[in-house]
Structures are given as C-alpha cells and as structure tokens.
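Peer 1: I'd like to ask you about the structure that follows.
The values are calculated or read from the model by the stated rules, or taken from the named source; none is laboratory data. Predicted model, so just to flag it, every value in this text is computed and none were measured. Reconstructed Cβ throughout: ideal geometry from the backbone, glycine too, with neighbour counts over all protein chains shown. What goes into the accessible areas is simple: the full protein's heavy atoms, side chains included, and nothing from ligands, DNA or RNA. Shrake-Rupley method; radii C 1.70, N 1.55, O 1.52, S 1.80 Å.
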Amino acid sequence: VRVFYTSTQISETTFEFYNKIMDKSSNIFPVNIPNSGTFDIGYTIRGGEIKNMEIDLERYSILVQTVMDTNGNLILKLPRESFDSQIGNIDENFIILVSKENINAENFTQIEYEEIATGIDHRTIRIPLEEGDKWVEVIGTYVIPEFGSIAMIILLIAVTSTIIISKGRLSVRYN
C-alpha cells in the first residue's frame, strides 16, 4: 500500500492477504521424556497445525512435526526446567532448523526466530514458517532428564548395595 500526502511525502507498507481461513490455536502439548513421563510445552500456531513433538536427548533438541497450509508462525513457550539454551546463567540463542521434507539432517535449513518473552520459568519464541514446512527442530543446550528415572533407580541400588556391603565388613571387637 502506498499513501501520498503530497507529491514528496509518501508512506508505504506491505502485508500479505490470505484467502484461506487461518486457524490460530493456543494449546499445550505433552512431550514424552524417555522412561520419565512428560513435560508440557505451550504453543500457538497460525497457518497450520502440530502433529507431534518429541525430544532428541543426543542433540539437546525438540522436534516439532507440522502441517503448514499457508505461511504463518509457531510460538513455543519453552519451560526452562525442561528445555533451555544457556551457558552458565546467561541465555544463549536457540538454533532453529526447518525442513519441508522427511526428517533428515541434510534437508534442514537454519532460520531466524524472535524471542518475544523471557521469564524465570519460560522463554517464548516465535518461528516464522512457510506453506509446506513439515519439521521444526529447536536446538538448545539442555534437555531433561540429565538422569532419567532408570538412572536414578540404578544409582539408588548401587548406594544401597555399598552401604549393606560396608556394614557386613565392619566388625566390632570387645575386650
């Protein structure tokens, strides 16, 4: 749109018009933690829908499967206790990768995102998406659990065994 006030004073802006109804929904998606339950990620998506979310413990990332009917965006409210990108106590940028094809590292393209809110408990980011985008990977520096429930059970058994064996070896002599 171009607006003329005088022949020398001109103002311009651009916008996109969609002739499809764009769904905007705000929900919570429970993300499975292997052998430990779930944690919730809040999200809002415009222009499509989320099919699935899962974590990749090896890459410290969250994989989001989407179906994008039109250009839009994905807003994720990431809980700091479960997923974050920090070095020390300083917030670092997430790495955002998007793919229109099957999930394969060679098909992903890194894109820019906007951090729209930062708090003690959450970081909220807005990721622009295009029609046809199928996968979004958000890479951070931390994904729980560092130690899952099975690791905690093994640790508990090891400590208990050590205590029992130590007590069995102790002998008290009375004179």
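Peer 1: Roll a 1.4 Å probe over the protein chains and send me the accessible area per residue for the range 27-72 in Å².
Peer 2: Here the per-residue accessible area is 48 Å².
Peer 1: Any idea how far apart Glu115 and Glu54 come out in nm if each label point goes 7 Å out from Cα toward Cβ?
Peer 2: 2.9 nm
Peer 1: Please sort 123-130, 71-78 by packing, taking for each peptide the average over its residues of neighbouring beta carbons within 10 angstrom, highest first.
Peer 2: 71-78, 123-130
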